[in-house]
1. How about the stretch 618-644: which of its residues are closer than 25 Å to Ala575 by Cα and touching a Phe, Trp or Tyr at 6+ places or on another chain (Cβ under 6 Å)?
2. Which one is modelled with the lowest pLDDT among residues in the stretch 405-415 that are assigned to a loop (DSSP other than H, G, I, E, B) and surrounded by 13 or more Cβ atoms within 10 Å (Cβ to Cβ)?
3. Residue pairs, Cβ under 8 Å, 6 or more apart or interchain, first in the stretch 122-148 and of a type in the set (Ser, Thr, Tyr), second open to solvent by 50 Å² or more (accessible area, probe 1.4 Å) and outside any helix (DSSP H, G or I). List them.
4. Give the stretch 506-533 a look and list any residue that's open to solvent by 60 Å² or more (accessible area, probe 1.4 Å), farther than 22 Å from Ile487 by Cα and touching a residue at least 40 places away in the same chain (Cβ under 8 Å), or say none.
5. Select the helices (runs of 4 or more DSSP H) contained entirely in the stretch 145-199, then report the ones holding at least 1 residues which are open to solvent by 10 Å² or more (accessible area, probe 1.4 Å) and of a type in the set (Ser, Thr, Tyr).
6. Can you find even one residue in the stretch 218-229 that is free of Cβ contacts under 8 Å to residues at least 40 places away in the same chain and out of contact with any Gly (no Cβ under 9 Å at 6 or more places or on another chain)?
7. With the condition kept exactly as written, say whether any residue in the stretch 107-114 is open to solvent by less than 30 Å² (accessible area, probe 1.4 Å), touching a Ser or Thr at 6+ places or on another chain (Cβ under 7 Å) and modelled with pLDDT under 95.
Amino acid sequence: MSNKRRLWQIFGPVLCAIVLLIIVFLLPWERTFSKSSIYEAANSQTQTVFKGIKMKQEAFDSGYVPFYGSSELSRIDPLHPSVLAAKYHRSYRPFLLGGPGSQSLAQFVGMQGTSKQLKNKKAVVIISPQWFTKKGQDPAAFDLYYSPLGTAIFLLHAKNTKTDRYAAARIASMPTVKAGIIKSCLKKVAAGKKLSSWDRFLLKDRERMLANEDKFFSSFQLRDRINKIEKEEKLLPKTYSEAALKKVADEQAAMHTNSNNFGIDNTFYRTRLPKKVLKKLKGSQRNFDYVKSPEYGDFELMLNQFAKQHTNVLFIIPPVNAKWAKYTGLSMKMYQKSVAKIEKQLTSQGFENIEDLSKDGNKKYFMTDTIHLGWNGWIAVDKAVKKFMRLPNERYDYSMSNYYYSKKWQNTTKVKSLNLTKNHLDGSKEKKIVRHAIDQLGIKGSVLVIKNNKTWLKYSTANKDDTSYLINSVQKSMTAAMIMREIEAKKLSLKTKLSRFYPTVAGADRITIANLLDMTSGLDIKSGQTLGTDHFVSDADNIKADVRKTVFNKQQFGKWHYTSLNYVYLCGILAQLEKKTYEQMFEKTFVKPLKLKNTVFLWADPAVLKASGWVHSYNYLDGKYHRVKYSKVVADAHNELGAGSVAMSDSDLAKVVREMLVGKLLTNNSRSVLYHGKAPKYYNGGFYNTKVFKSANGAGDGYFTFLRTTNDGKNMIIIQSNRVDHKKFSYLKKRIDHIMTMMLDLDRK
């Protein structure tokens, strides 16, 4: 045998292995997973899946919803979320992410790499107050769940922000993060330093290798729980029924907790709480404290990640076994303080989907052991999740504050408690919940909440209750109602073409009144132009100027596109039909019949303006409120005729909305036509018309108006302000939608 052949036999396999290693781990390659593998991974709760990315990406792309938590997700009984979702063929499947010791910091690292897949999607977080210990994240537990791949992705996208600096410092402080490129880059980011080109090159190389490892190994060593889930499914009724599920829960719990007086699962009690251990644990938790903890800073990292992704999140706060807490001396007063602190951190930043179960630890068969949900506890979770999943997937904006990273917040003990528990609420508690949510918005102005046709909340955070504000685009609903009255009088029809009134407008022979009402006309103002004239002469001159500036987009025709131009043309049509000004018609239709006391057009006599309760407005810019010039407000009001020219108080606005929805102003047939919009926005007649409630929003010249009303006008929220930050407009719209939904949910309890 030649020397070359001998050398090849010795070193050939090594060289092949090196080449294979390079191909597998250093060169980019793709892999997809079967549906069965993803389903198995979604329920396995292995550390490999938790640390990985590729399998989670595919799962979230295919409709799985992440359920972030810790060890409580491991307790699978017939009522577990994964079992119920499988049995009743839910539109979602839970992807369980967490295990014993997986707290906020580990979850934050594990969330990296799935931001794109969870953008404008949903997630569920079971956030336990028991995470919030004096030392926070246990380094040994963090070691189990630490993802170098997630950290590399974080570093490659890190910026010099408080969130990223805080995250880098916290991750770097963990002993499991050893010296190397990741550690050195974490230290740089924590110090606010920019990563060098060489740093990024090494990080990308490390990320590519870790990503290949993830693709190669992530489907290995999956914990097979499918048989367990299928076995538990068989214990459930064929068709969903809360009463039937309750019966199963009670039967199963009674069978599995008959060995002790704590309501603890027999197996857990036998293996984890033998007599000697049980004796030692008596009174052992009397000094536990979940109120002061660095975990609040780590929790803020999770919240910022959700905010970055615009993810809609349901937070579930579990209780502890009340009998066990009494035995160990765990203070329920302290526990509720930590709950209040968690809820404050959530609600103040716009996270309002909270299911607070923290006071339910004394309910029968609610807990499976000392601290984990089970049986009836899972039924309560399922009710919350079902309601949450009915909400549409859309962009959610939050208002984040760096204050929650501070030591001051981590050590704060005085936080006002808000009882978000929805069981057996009386009117005063409901008011407290709704008012707290509104106050968290930070709006400076007036608030009116009507419930079951009665004034429920009426107060001001600035100005007075009867102050009148420019309502801007909310006025479109009134213009639409006036148009429908012309249709009822047979002077118009929804099919009437715009060309009858404005024949020179491009596309006018195709555009109908219906197109103008629901904003599908394809019309817009030329780029760089604005509505109206520079100096107001008359409404007719303004519309003539608008005609010259109007463009028609054939591709946009029939598709929804928001522009006030549609409603300005409707005002012009009204004037031609009635031979009167828009202001005169508005007075005749609304002001006089409804005896409105605080409604006025912005160009009214100064004495009339003052008598109406109208106030000047202020825009927030560069850290200060700047008064908007009255001349500008008036000019814009003229240019936005019928789409933003009238000021109203909350009470006057409520009167008008009720009259339009249930009064004698319109026929039922007109209402059914006007207040029915098409997907995706469901806009028509000045309202966004969803199944649950209608909404209208106004913003401009330092004023905000937010209106939410049920279709029957019985329940309504009106919030107005004259000191505004226009950057927060979209955020506030979403938050007020949530508050309206919450109020209606409370009413159904």
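The values are calculated or read from the model by the stated rules, or taken from the named source; none is laboratory data. It should be emphasised that the depicted structure is a prediction, and the values quoted were computed from it without experimental measurement. For neighbour counting, all protein chains shown are included, and Cβ atoms are generated from backbone atoms with ideal geometry for every residue, glycine included. For accessibility, only protein heavy atoms count, side chains too; no ligands or nucleic acids. Shrake-Rupley method; radii C 1.70, N 1.55, O 1.52, S 1.80 Å.
1. Val634, His638, Leu641, Gly642, Ala643 - these are the residues of the stretch 618-644 that are closer than 25 Å to Ala575 by Cα and touching a Phe, Trp or Tyr at 6+ places or on another chain (Cβ under 6 Å).
2. Pass one, the stretch 405-415, residues assigned to a loop (DSSP other than H, G, I, E, B): 406, 411-415.
Within this subset, residues satisfying the condition of being surrounded by 13 or more Cβ atoms within 10 Å (Cβ to Cβ) are 406, 412, 415.
On the way: Ser406: 96, Thr412: 94, Val415: 86.
Applying the filter and picking the extreme gives Val415.
3. Matching pairs, first to second residue: Ser128/Ile371; Thr133/Phe288; Thr133/Asp289.
4. Thr530
5. Values: elements: 148-157, 162-172, 181-190.
Where helices (runs of 4 or more DSSP H) fall fully within the stretch 145-199 and carry at least 1 residues being open to solvent by 10 Å² or more (accessible area, probe 1.4 Å) and of a type in the set (Ser, Thr, Tyr), they are 162-172, 181-190.
6. At the first step, the residues of the stretch 218-229 found to be free of Cβ contacts under 8 Å to residues at least 40 places away in the same chain are 227.
So of that shortlist, the ones also out of contact with any Gly (no Cβ under 9 Å at 6 or more places or on another chain) come out as 227.
Yes, the conditions are met somewhere in the stretch 218-229.
7. no
Condition check ((1) more than 19 Å from the chain's Cα centre (by Cα); (2) under 28 Å from Val277 (Cα atoms); (3) open to solvent by less than 20 Å² (accessible area, probe 1.4 Å)) across all residues:
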position	(1), (2), (3)
Asn312	no, no, yes
Gln336	yes, yes, no
Ser348	no, no, no
Ile354	no, no, yes
Lys363	yes, yes, no
Trp375	yes, yes, yes
Leu391	no, no, no
Tyr403	yes, no, no
